[in-house]
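These notes concern the structure reproduced below.
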Amino acid sequence: MVWDELDGRVKEKQSTSAHGLSQQQGSVEQISLHCSEGALDWLYPKGALRLTLSPRLPSAVVGPGGSSSGLITACVKPSEHFHGAQLYLERDGVLELLVGDRLEESPPPRVRCFSRLPGEKVALFLQATPHQDISRRIASFRYELRGDWTVHLSLDSNPVSSNEGACRPCNNTELLMAVCTSDFVVRGNIKAVDEDSELRAAVIKVSATRVFRQKYALFTGTGRLTLSGEIRTLLQCGVRPGAGSFLFTGRVHFGESWLGCAPRYKDFLQAYTQAKLAQQLPCELAVD
């Protein structure tokens, strides 16, 4: 567990290693993933690993009105050299393939995301595939677990869950909550929009005029007025360059910024001012 000086919150990471040399063929080793993000390396895969998801989530699981959603969203990013096993999602005893065993000439596996609804029993099941020589086989991946009620599943380039609604504009309640809980909150302008063909995402190049908050050094530059950064979103959302100042919020996903709510700054100020007068702000921001 480490302290995030940029964010002011505790950030948990878990690094787990396992190897199949001590496992019997057909055996299943149980491992619990308690941290919100981390990595697992399985050397010389043999048998199987069952990974239960039991993160110690912060109060962000609480939705509007103080009710707990119980929703957990998880994403896994296999390494480019994922070999020797297949990764399944186990939901209420039913297995669904997330990542297959790769051949040398196969393209890198994509990020996969899924959600656990309240009451569902969800785990990751990593099963070794038979190989005569397991000495060069390593099945490794990074993972992220979130409990944010505002989370968009646009982070998944090959979704297990539907991306329906990921491009929908945030309402005022969602916007004000995003200001409080997002990994970055930045005022800025859109300089250009490029395409990331590998992720099938639009890359928004942002010139930041003010960084209210950021987790990690996402928006950097040589001076306060020359900060810039990139934010990704789904291609289907149709983001285009345009004039005007925006408030960008979103999440860091495996080191990359992904867009959440992004209203025009004047619209955000109107919603913020109205909520402040009504004493309904979930948190305060040092606005102009």
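Just to be sure I understand, how many residues within the range 175-201 are closer than 14 Å to residue 230 by Cβ and in contact with a helix residue (DSSP H, G or I) (Cβ under 8 Å, 6 or more places away or on another chain)?
2
Considering each of 178, 217, 192 in turn, give the residue that is surrounded by fewer than 20 Cβ atoms within 10 Å (Cβ to Cβ) and in contact with a strand residue (DSSP E or B) (Cβ under 6 Å, 6 or more places away or on another chain).
192
It is to be established whether one or more residues within the range 175-187 are in a strand (DSSP E or B) and free of Cβ contacts under 8 Å to residues at least 60 places away in the same chain.
no
Return the residue satisfying two criteria in turn: it lies in the range 93-137 and is under 23 Å from the mean Cα position of the chain (by Cα) and farther than 28 Å from residue 198 by Cα, and of such residues it is modelled with the highest pLDDT. Full working, then the answer.
Step one: of the range 93-137, the residues under 23 Å from the mean Cα position of the chain (by Cα) are 95-100, 107-126.
Narrowing the set further to residues that are farther than 28 Å from residue 198 by Cα leaves 117-122.
Numbers: 117: 75, 118: 70, 119: 71, 120: 75, 121: 78, 122: 82.
Per the criteria, the residue is 122.
Kindly establish whether residue 266 is within 16 Å of residue 175 (Cα to Cα), exposed (fewer than 13 other Cβ atoms within 10 Å of the Cβ) and modelled with pLDDT of 90 or more.
For residue 266, the condition - within 16 Å of residue 175 (Cα to Cα), exposed (fewer than 13 other Cβ atoms within 10 Å of the Cβ) and modelled with pLDDT of 90 or more - is met.
Take residue 271 and decide whether it is free of Cβ contacts under 8 Å to residues at least 12 places away in the same chain and over 22 Å from residue 195 (Cβ atoms).
Numbers: free of Cβ contacts under 8 Å to residues at least 12 places away in the same chain: no; over 22 Å from residue 195 (Cβ atoms): yes.
Considered against the rule, which asks whether it is free of Cβ contacts under 8 Å to residues at least 12 places away in the same chain and over 22 Å from residue 195 (Cβ atoms), residue 271 comes out as no.
The values are calculated or read from the model by the stated rules, or taken from the named source; none is laboratory data. Model, not experiment: these values are computed from the prediction. Positions of Cβ are backbone-derived with ideal geometry, glycine not excepted, and every protein chain shown enters the neighbour counts.
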